[in-house]
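Okay, structure first, notes after.
The values are calculated or read from the model by the stated rules, or taken from the named source; none is laboratory data. Note that the coordinates shown come from a computational prediction; the quantities given were computed from them, not determined experimentally. A quick note on method: Cβ atoms are made from the backbone with ideal geometry, for glycine too, and the neighbour counts reach across all protein chains shown.
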């Protein structure tokens, strides 16, 4: 299973009045991890969209473990879940840069839509790309 790590620093605008990272930001950070995984593999989202496909989030889950605070340096670890056959699923682990504190873990599932907004099967070029780059079928 391929895992990709992205570093990120919690900015002041990510925190609430208690100085803690606002919970909805974790979904943004999942997106950062997912986007950077695709970019690392050589297929940025923009290329998928140019081919007429979109990957809306159809399901998400996030389990919070400890608080992230302003200026914490975190790592977002993203992996592709090869057990899903329809659409795509990504798993995430967000932890403090020293790897001692886990902030959260979770996943997102994605469907595929064509340019008309119709739900479609995972496009062949994506299946082939995953098989080639990640070694999964």
Query raised in the report: What number goes with the only condition from (1) touching a residue at least 40 places away in the same chain (Cβ under 8 Å); (2) touching a strand residue (DSSP E or B) at 6+ places or on another chain (Cβ under 8 Å); (3) buried (at least 16 other Cβ atoms within 10 Å of the Cβ) that residue 43 does not pass?
Result: (2)
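Can you find a residue in region 121-132 that is assigned to a helix (DSSP H, G or I), touching a residue at least 24 places away in the same chain (Cβ under 8 Å) and touching a strand residue (DSSP E or B) at 6+ places or on another chain (Cβ under 8 Å)? Write out each step before concluding.
As a first pass, look at region 121-132 and keep what is assigned to a helix (DSSP H, G or I): 124-132.
Filter again for touching a residue at least 24 places away in the same chain (Cβ under 8 Å), leaving 125-126, 129-130.
Next, only the ones that are touching a strand residue (DSSP E or B) at 6+ places or on another chain (Cβ under 8 Å) stay: 126, 130.
Yes, the conditions are met somewhere in region 121-132.
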Requested in this report: Return the residue satisfying two criteria in turn: it lies in region 85-120 and is farther than 17 Å from residue 45 by Cβ, in contact with a strand residue (DSSP E or B) (Cβ under 7 Å, 6 or more places away or on another chain) and not in a strand (DSSP E or B), and of such residues it is modelled with the lowest pLDDT.
Outcome: 97
Report summary line: (1) in a loop (DSSP other than H, G, I, E, B); (2) out of contact with any strand residue (DSSP E or B) (no Cβ under 8 Å at 6 or more places or on another chain) all hold for residue 13 apart from (1)
Report summary line: Matching residues in region 62-76 (surrounded by 14 or more Cβ atoms within 10 Å (Cβ to Cβ), part of a strand (DSSP E or B) and within 20 Å of the chain's Cα centre (by Cα)) number 5
